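Notes to accompany the following structure.
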Amino acid sequence: MSDTLTRLEAGVLTLTFDRPSSRNAMTPAMYEAVHEACERADGDEAVRVLVLRGAGTDAFVSGTDITWFTGFTGADDGVAYEAAVTRVLHRLQDVRVPTLAVVRGYCLGGGLALAAACDLRAATPSARFGAPIARTLGNCLSPDTHTLLLHHFGPGRCSDMLLNARLFTGREAEAIGFVQRLAGDGELEAEVDRLVDGLRSHAPLTMWAAKTTQRRLLRQNVPDGTDIIARVYGSADFRAGAEAFVRKEKPRWTGA
C-alpha cells in the first residue's frame, strides 16, 4: 500500500503524505513520490498548481522516518541521504507551476524543508514548525536546507530554531512571513481554495519568472557542506541519537 496519494482535479495536482499513524514521517518512497509529482506537474499542461499536504490533523510531515537512519553504517550514508533529500528539494523548487504546502500539526525536519521549498504555505494557528534535531537526533541540515531556512526565518530565528530546538507556532510563522494564509481548522480548506483559485487565474509566465529568479538567487552562493555532513552523520552522537529515538529514550551527547 502506498504512503502517498496523488489526485488531479480542476488543474490542481495534490500530493498527500498518507502515514497518519506515523505523523506522516517520510520514507525513501515518499521522497521519491514528491519528485514524481513534480515530474507529472511539469509534463501535464493541465496542471496549474501543485499542493502538498499531510493526511490527518497531527502533522504535515513530522520529519524523516528515523528507522531509515538506524540502518546507516557511517558518514557516506549520511552524505548520500542529504544528497537525496536535496535532489527532491531542488526538484520541488524547479516546478514550473506555483507550489503550496497546507500544514496542520507538526511540520518538522524534512517536512519543514519540503514546506520551505514550496512557494507558499497555508496553516492553522496550532501548526508547529521547526527542526529540533539538537535535542532529538543529533544530525544536521545540508547547506541547501539551511539556506532555505535562513531565507525564510532570518539568521536569528534560524539559530533559535536549530540551537534551542525551538518550534514556531502557525501564528508566529505567519508574523515572520513564512506562512501566507492562516486559518482555523474549520476555515483552512476554504482559505486554501481561495488561494488556489487566484493562482489558477494568474499569468503562468509571470509566476514562473518570479519562481525562477528567486530560486537562482537562493542557490548562487550555497557552499559545499560534504565535510560537515560527513562529520555529523559519522559520529557516535548521531548513532546514539537515532538508537535512543527509536527506543524512546533521551540521548546522551558526548560531542564525538
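The values are calculated or read from the model by the stated rules, or taken from the named source; none is laboratory data. In this text, all values refer to a predicted model and were calculated from it rather than measured experimentally. In this analysis, Cβ positions are derived from the backbone assuming ideal geometry, glycine residues included, and neighbour counts consider all displayed protein chains.
I need a count of the residues in segment 84-106 that are of a type in the set (A, V, I, L, M) and either farther than 22 Å from Leu141 by Cα or without any contact (Cβ under 8 Å) to a residue 24 or more places away in the chain (or both). Let's see the steps before the verdict.
Let us first name the residues in segment 84-106 that are of a type in the set (A, V, I, L, M), namely 84-85, 88-89, 92, 95, 97, 100-103.
Next, from what is left, pick out any that are either farther than 22 Å from Leu141 by Cα or without any contact (Cβ under 8 Å) to a residue 24 or more places away in the chain (or both): 95, 97, 100, 102.
The number of residues fulfilling the criteria is 4.
Cβ separations smaller than 9 Å between residues 6+ apart or across chains give the following pairs from segment 1-25 residues that are at positive phi to residues that are of a type in the set (Lys, Arg) and surrounded by 18 or more Cβ atoms within 10 Å (Cβ to Cβ): Ala10/Arg48; Gly11/Arg48. Of the residues making up segment 11-28, at least one is of a type in the set (A, V, I, L, M), more than 25 Å from Arg128 (Cβ to Cβ) and in contact with an Asp or Glu (Cβ under 8 Å, 6 or more places away or on another chain). Taken over segment 45-76, the criterion of being touching a residue at least 60 places away in the same chain (Cβ under 8 Å), surrounded by fewer than 16 Cβ atoms within 10 Å (Cβ to Cβ) and of a type outside the set (Val, Ile, Thr) is satisfied by Gly74, Asp76.
Identify, from the list Asp94, Asp144, Asp160, the residue that is crowded, with 18+ Cβ neighbours inside 10 Å, over 20 Å from Glu191 (Cα atoms) and of a type in the set (D, E, K, R).
On the way: Asp94 fails: crowded, with 18+ Cβ neighbours inside 10 Å; Asp160 fails: crowded, with 18+ Cβ neighbours inside 10 Å.
One residue alone meets the criteria, Asp144.
Taking the criterion of being surrounded by 14 or more Cβ atoms within 10 Å (Cβ to Cβ) and among the β-branched types (Val, Ile, Thr), the only residue of segment 195-211 that qualifies is Val196. Answer yes or no: is there a residue in segment 86-99 that is in contact with a Gly (Cβ under 8 Å, 6 or more places away or on another chain) and either hydrophobic (A, V, I, L, M, F, W, C) or at positive phi (or both). For segment 86-99, residues in contact with a Gly (Cβ under 8 Å, 6 or more places away or on another chain) and either hydrophobic (A, V, I, L, M, F, W, C) or at positive phi (or both): absent. Of the strands (runs of 3 or more DSSP E) contained entirely in segment 1-89, those carrying at least 2 residues that are among the β-branched types (Val, Ile, Thr) fall at 4-9, 12-17, 49-54.
The set of residues from segment 185-217 being closer than 18 Å to Ala117 by Cβ and either in contact with a helix residue (DSSP H, G or I) (Cβ under 6 Å, 6 or more places away or on another chain) or modelled with pLDDT under 95 (or both) comprises just one member, Arg215.
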